[in-house]
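Notes follow once the structure below has been shown.
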Amino acid sequence: MGRQRDRRHLRTWTGDEGSLCGRFSLPPVEGAELLAVLERFERLVFTAARRAGQREQPDQYAADALVEMAMRSATAPTDGLRPRPLLSVTIGIDPFNHLCQTAAGTVIAPGLLVPYLSDADIERIVYDPPTRRF
């Protein structure tokens, strides 16, 4: 996890007419967590806009979703519980040693999950090859 975590960054600057511009990079697990929440908020913003008869571009819904996430974060109770990551592990005979991926499909090394194991909820799916005899 070290190198990817060390390369994480968020840079913002003021653009044309005072607009906020930015660029960021996150490690795979944190990126998957952010993306899952952002996509959930995008669906909420999209649904509300369509009900109001508005038609926007997909990037505009994403921008509106990011602002909504910030607004809700600012108004959340200080003693609120942080969501725990859900790690879904699908294991056959040997694949866990070779392949892990985020919910978005990004392939990551199994060792990247280690820092999250103590705080995560773990869901497991165990399967055997169809040729295995019991």
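Does any residue in segment 6-28 that is in contact (Cβ under 8 Å) with a residue 24 or more places away in the chain come within less than 9 Å, Cβ to Cβ, of a residue that is of a type in the set (S, T, N, Q) and not in a strand (DSSP E or B) six or more places away or on a different chain, and which pairs are these?
From residues that are in contact (Cβ under 8 Å) with a residue 24 or more places away in the chain, the pairs are P27/Q4; P28/Q4; P28/T102; P28/T106.
Sort through T90, T47, T131 and tell me the only one that's modelled with pLDDT under 90, exposed (fewer than 13 other Cβ atoms within 10 Å of the Cβ), over 25 Å from R3 (Cβ atoms) and not aromatic (F, W, Y).
Working: T90 fails: exposed (fewer than 13 other Cβ atoms within 10 Å of the Cβ); T47 fails: modelled with pLDDT under 90.
The unique qualifying residue is T131.
Anything in segment 1-31 that is in a helix (DSSP H, G or I) and more than 30 Å from L87 (Cβ to Cβ)? List them, or say none.
If we filter segment 1-31 for residues that are in a helix (DSSP H, G or I), which is where we start, we get 2-6, 16-18, 28-31.
D16, E17, G18, listed by residue number.
Considering only segment 1-35, state which residues are surrounded by 15 or more Cβ atoms within 10 Å (Cβ to Cβ) and under 16 Å from the mean Cα position of the chain (by Cα).
Filtering segment 1-35 down to residues surrounded by 15 or more Cβ atoms within 10 Å (Cβ to Cβ) leaves 1, 4, 26-33, 35.
If the condition is that a residue be surrounded by 15 or more Cβ atoms within 10 Å (Cβ to Cβ) and under 16 Å from the mean Cα position of the chain (by Cα), then Q4, L26, P27, P28, V29, E30, G31, A32, E33, L35 are the ones that fit.
The values are calculated or read from the model by the stated rules, or taken from the named source; none is laboratory data. Remember, predicted model here, so these are calculated numbers, not experimental data. Note that each Cβ is placed from the backbone with ideal geometry, even for glycine, and that neighbours are counted across all protein chains shown.
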